[in-house]
1. Which three extents, in angstrom, do the Cα atoms of region 28-88 have along their principal axes, listed largest first?
2. Using a Förster distance of 30 Å, how high is the FRET efficiency between D191 and A132, based on the Cβ-Cβ distance and rounded to 0.05?
3. Mind listing P(r) for region 89-210? All alpha-carbon pairs, 10 Å bins, whole percents.
4. Give me the one-decimal nm value for the distance between modelled label points at A178 and A146, 7 Å along each residue's Cα-to-Cβ direction.
5. Among residues other than P84 whose Cβ falls under 12 Å from its Cβ, what is the net charge (Lys/Arg +1, Asp/Glu -1)?
6. Taking every Cα atom in region 2-63, find the radius of gyration and the maximum pairwise distance Dmax, and write them in Å.
7. How far, in nm, would the chain grow between Q26 and A102 when pulled straight, counting 0.36 nm per residue and subtracting the alpha carbon separation?
8. Around A64, under 13 Å between beta carbons, what's the net of Lys plus Arg minus Asp minus Glu among the other residues?
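What follows is calculated from the coordinates using simple rules that are stated; it is not laboratory data. Just so we're clear, the structure is a prediction, and the values are computed from it rather than from any experiment. Please note: Cβ atoms are built from the backbone with ideal geometry, for glycine as well, and neighbour counts cover all protein chains shown.
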Amino acid sequence: MPPDHPDLTWRDGVPVSARYGDAYYQADGWAEASHVFMEGNGLPARLTPGFHVGELGFGTGLNALVLSDAAPCPVAMTSFEAHPMTRDDMARALTPFGGGAALVDQWPAERIALPNLDLRVVFGDARETLPAWDGQADAWFLDGFAPARNPEMWGADLLAAVGRATPPGGTSATFTAAGHVRRALDAAGFDVARVPGFGRKRHMTVGRRR
Ligand SMILES: C[S@@+](CC[C@H](N)C(=O)[O-])C[C@H]1O[C@@H](n2cnc3c(N)ncnc32)[C@H](O)[C@@H]1O
């Protein structure tokens, strides 16, 4: 694992990356994750045993906790993260969401057992680790920082790798409605749609693999 911890500041209890100049989520992070990533991918209704979720940007692990909480059966998740948080920062970030002890107590690790969730975290730059991954994900949480601040997470090559790692009928969801992200997802094999976003964001983007 890279010793490359993120450089954090805190705004009203929400961690903010000094490196990328962006917050990990909006103030109501649990509701945001439920709207953008769960509902955006038609979850939890699609969850069946062995269903696999992929994520770009593990961050605080909040999305993993939301998935674990909603999963009615054992499912899997693989998340790609270049700058893993320290355990202390993760514990502080998850305090408003019940503390996330089940995750924090095991962090950091490449394999973590949560209720109904077999979680793997792949450490390193997703531009290198995702193309080398031999898995497939039925749904993707595309959760880099904002494209303008973290363009590495939204490049056409990386999103093409997401497309290759998604079977037909698989889905993706992201908080951003940036045109170049929508076009890159389309080029990666997804039919994309703009749908209502969370909070102050008017729109977000969902995709279904052709
Ligand atoms: C918005 S945060 C993710 C929030 C997270 N999903 C959660 O539930 O807290 C974006 C994450 O992407 C990570 N990241 C940024 N660039 C990356 C890259 N090139 N490869 C992998 N991870 C990256 C950051 O370190 C950060 O943890």
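1. Result for region 28-88: principal-axis Cα extents of 32, 25, 18 Å.
2. Details: r = 27 Å, r/R0 = 0.89.
Calculated value: 0.65.
3. 12, 37, 35, 16, 0
4. For A178 paired with A146, the spin-label model returns 1.0 nm.
5. On the way: positive: R87; negative: D4, E81, D89, E110.
So the surrounding residues net to -3.
6. Rg then Dmax for region 2-63, in Å: 14.0, 39.
7. Result: 25.1 nm gained on full extension.
8. -3
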